[in-house]
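I have placed the structure first, in the form of structure tokens, so that the comments after it can refer back to it.
The values are calculated or read from the model by the stated rules, or taken from the named source; none is laboratory data. This one's a predicted model, so the numbers in the text were calculated from it and none came from an experiment. All Cβ positions, even for glycine, are placed from backbone atoms using ideal geometry, and neighbour counts span all protein chains on display.
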Amino acid sequence: MWPIDRRQRQAGVTSPPAEGPLIIAGRAGNRRVVTAACPAARDLGLRVGMTVSRAQALVPDLRIEADDAGADTAALERLALWLLQRVAPIVSADPPDGIVIDSTGADHLHGGEAAMLEALAGKLALSGITARLALADSWGAAHALARHGADSVTIVPPGGLDAALAPLPLEALRLPAATVAGLRDLGFEIIGDLMDQPRAPLTRRFGEVLCRSLDQARGLASEPIPPLRPEGLIEIRRAFAEPIAAPETIARYIGKLVLQLCIELTAKGLGVRRLDLLCSRVDNRTEVLRVGLAVPQRDPARLTRLLCDRIVTLDPGLGIEIMTLTATIAEPLVPRQSATSLLEKAAPDLSGLIDTLSNRLGARSVFRFAAVASDVPERAIIRIPPLADTATPGMDAWPDHWPRPARLLPRPEPIETMALLPDHPPRWILWRGVRRHVQCADGPERIFGEWWKRDAEAQAVRDYFRIEDEAGARYWIFRQGDGEDRATGSHRWFLHGMFG
Amino acid sequence: MPAVRPALAELRARIGEIDGTGARQHGVLPFGVRELDRRLPQGGLSLGALHEVAGGGQGAVDGAAAACFVAGIAARMKGQVLWCVTQADLFAPGLAQVGLPPERVIHVEAGDDISVLAAMEEGLRHGGLAAVVGDVARLSMTASRRLHLAAKGSGTIGLALRRWRRQADASDFGQPTAAMTRWRVSELPSAPLPVPGVGRARWLVELIRARAGDSFDLELEACDGAGHLRLPADVADRSAAAAGGRHIAAG
């Protein structure tokens, strides 16, 4: 799908999307064959591999574009670079149509593996890219599951590789077509058939490539991912004569690398927003550290501290041979005048604290709330980065007409009540097994559904009350519906928040 | 502090220096309620120290009144506030109504108590913040001592909002910590109105423990839009001597 997506993305910038099915035509020997087909074309029965003349005979008004493998690969590398800056320090293009990401040590910054894949799928879909994602312990397995798995997003739990791979077809193993055909002749259909076979006869017949790719997919043989290194990337590399492993030694060399990096950044007038440390171990594995910064920085002490804070997450194994420090995202940083007035004290710089906290806990965990123009309480707030300005210009505070609770339950909890309809507060409520008699109440505050968001909300109404029980505890409760018309809601009661 | 006893004041200051209460270096934040301030050892909450606040009754679990009390204190300081929680359930419009607008609060959702304490310590050491607030359930002597020392070093006020998962766990509040003061804020029925409705919220504010000071309790009206507490009108009319049993020598 990549060649099709790429062309449609390119076309989308300059012109409205063209109608009609699209295929990409390439050459196989002397024949012109279809190398990719858009979903519309596939619905019409066109398949990858059929000749172009046959496709034209089946569908008269077919758009045909010439295959351009060079441009596809270049665009794939640009996409890989985009992912490198956002997802993980080791990313590589896997031509013709894949990208491989080593997410070790990066997933916690995105809120876990499942959340990371979900966010990634969402981002790609927004950019108009049809993607299938798989996360597994080995490159081979992730490659196979992304292309031949049943679901569009697959996560293989650690240790579950063999079970996940067994039902996949032999093509999933990245083997030459001749080898796959030969194995088919011998009666092998799926990867599971190969797993328990004696290896010597297979190697004798098909060469060592078969057993090697099988082992790589099963995670028994290592397969390092060559990281993408775009041109102009500021990178400092240091190889050690003797492998290093002690945390103190690693910290010392991080300090030296950061110092060199900062000299280069200063020369170019740049500050770093994302910093990657790649440590190649003697056993041919790579350990990575990634730190993000809220504002561009090139202060060696601060960068060193952020990296050294995370040394505990590095596993040096038998020792680190090469350390590479990369400024993955660098932005212009020009000197600024520090104090504008001698009388006013300058606002303290919090970026250092925010960097420390967000690198330790994940960038999503440090945030600020901003107002959104919405009456529905749970939609009235949005999380923004701590140093960002307000999300919507002109919307910097919530309306102050009605009291709002200090704590809001993550989701409204159903309560039992006795209340007079349509617009009286309840006499008592039963919440979490405790009955509370309502002494006084304010309300209703009617909040209408946002019909422009969902059809279901076209008539929805919530009536909010602030109630106080005999002990003085104050709660925010609402009734779904206006108390008269069933179409406006179920008339069930919920508790939504607590006032101080 | 009454000016008529300069010798006593000087002695008190020297004791403060020796036991490291820190108020001398960093000053205090008065509540602006005379009844409350005159009973506090330094005439207010000392900056550069750790203070503990918990809710009473149901508030030990939901921590709503305690959050408003703490937000009111933070609102009266100048600058940014770091608020660390295990799971975000603060409602920013509610905080804005006690004087703490969203642009002044940086929230940290740390996931567990240990990370909350670490984030609080980081914030207290930074020194550029007005206040650091943390919702924690367990606060050991060691952890509170670390936080207190971090606060003392930078002059930032630390506020540990004690909040438990279950009501039964709230007995943990009796354990000693290094905090300078320990407060309990419980909700009381609101100010009576001549018409149906909920009046201004009232709290029973108890100072359970204060270093170099006596404990007391006081009924107060909750924070207004700028974070100020107020003495209810019917209590303010009573004579000061009747409201609390504190010796004049300590004031």
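Computed quantities for the displayed model
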quantity: Which numbered condition residue A:181 misses (of (1) among the hydrophobic types (A, V, I, L, M, F, W, C); (2) surrounded by 13 or more Cβ atoms within 10 Å (Cβ to Cβ); (3) more than 18 Å from the chain's Cα centre (by Cα)); calculated: (2)
quantity: Test result for residue A:111, within 25 Å of residue A:362 (Cα to Cα) and either outside the structural domain of residue A:285 (by TED's automatic domain parsing) or crowded, with 16+ Cβ neighbours inside 10 Å (or both); calculated: yes
quantity: Selected residue [within 14 Å of chain B (Cβ to nearest Cβ) and surrounded by fewer than 19 Cβ atoms within 10 Å (Cβ to Cβ)] from A:454, A:466, A:446, A:435; calculated: A:435
quantity: Exclusive hit being exposed (fewer than 15 other Cβ atoms within 10 Å of the Cβ) and basic (Lys, Arg), set A:27, A:86; calculated: A:27
quantity: Close pairs (6 angstrom Cβ cut-off, 6 or more residues apart or separate chains): within 14 Å of another protein chain (Cβ to nearest Cβ) in the stretch B:196-218, assigned to a strand (DSSP E or B) and surrounded by fewer than 18 Cβ atoms within 10 Å (Cβ to Cβ) anywhere; calculated: B:204/B:219
quantity: Tabulated pairs, the stretch A:364-384, first farther than 17 Å from residue A:408 by Cβ, second in a loop (DSSP other than H, G, I, E, B), C-beta under 6 angstrom, 6+ apart or interchain; calculated: A:364/A:111; A:366/A:386; A:373/A:395; A:384/A:391
quantity: Residue ranges of strands (runs of 3 or more DSSP E) in the stretch A:236-340 with at least 1 members at pLDDT below 85; calculated: A:286-297
quantity: Entirely in the stretch B:92-165, the strands (runs of 3 or more DSSP E) that have 2 or more residues that are touching a residue at least 12 places away in the same chain (Cβ under 8 Å) and small (Gly, Ala, Ser); calculated: B:131-136, B:157-162
quantity: Filtered residue count, the stretch A:99-118, keeping only those that are free of Cβ contacts under 8 Å to residues at least 60 places away in the same chain and either assigned to a helix (DSSP H, G or I) or not aliphatic (A, V, I, L, M) (or both); calculated: 9
quantity: Test set (1) touching a residue at least 40 places away in the same chain (Cβ under 8 Å); (2) within 13 Å of chain B (Cβ to nearest Cβ) - residue A:422 fails condition number; calculated: (2)
quantity: Residue among B:99, B:111, B:123, B:127 that alone is modelled with pLDDT under 95 and more than 10 Å from chain A (Cβ to nearest Cβ); calculated: B:99
quantity: Single residue of A:218, A:237 found to be touching a residue at least 40 places away in the same chain (Cβ under 8 Å) and buried (at least 17 other Cβ atoms within 10 Å of the Cβ); calculated: A:218
quantity: Number of positions in the stretch A:208-252 that are among the charged types (D, E, K, R), more than 22 Å from residue A:95 (Cα to Cα) and under 26 Å from the mean Cα position of the chain (by Cα); calculated: 1
quantity: Identity of the residue in the stretch A:433-464, aromatic (Phe, Trp, Tyr) and within 18 Å of residue A:494 (Cβ to Cβ), that ends up nearest to the chain's Cα centre (by Cα); calculated: A:448
quantity: Residues of the stretch B:181-195 classified as touching a Pro at 6+ places or on another chain (Cβ under 9 Å) and modelled with pLDDT under 90, total; calculated: 1
quantity: Residue ID - modelled with the highest pLDDT, chosen from residues in the stretch A:147-161 that are of a type in the set (A, V, I, L, M) and part of a loop (DSSP other than H, G, I, E, B); calculated: A:156
quantity: Counted residues, the stretch B:68-83 - those being more than 9 Å from every other protein chain (Cβ to nearest Cβ) and not in a helix (DSSP H, G or I); calculated: 5
quantity: Residues within the stretch A:387-421 that are modelled with pLDDT of 90 or more, farther than 19 Å from residue B:96 by Cα and surrounded by 15 or more Cβ atoms within 10 Å (Cβ to Cβ), tallied; calculated: 3
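To keep it simple, each residue is scored yes or no on (1) surrounded by 20 or more Cβ atoms within 10 Å (Cβ to Cβ); (2) modelled with pLDDT of 85 or more.
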residue: A:95; (1), (2): no, no
residue: A:107; (1), (2): no, no
residue: A:121; (1), (2): no, yes
residue: A:142; (1), (2): yes, yes
residue: A:145; (1), (2): yes, yes
residue: A:163; (1), (2): no, yes
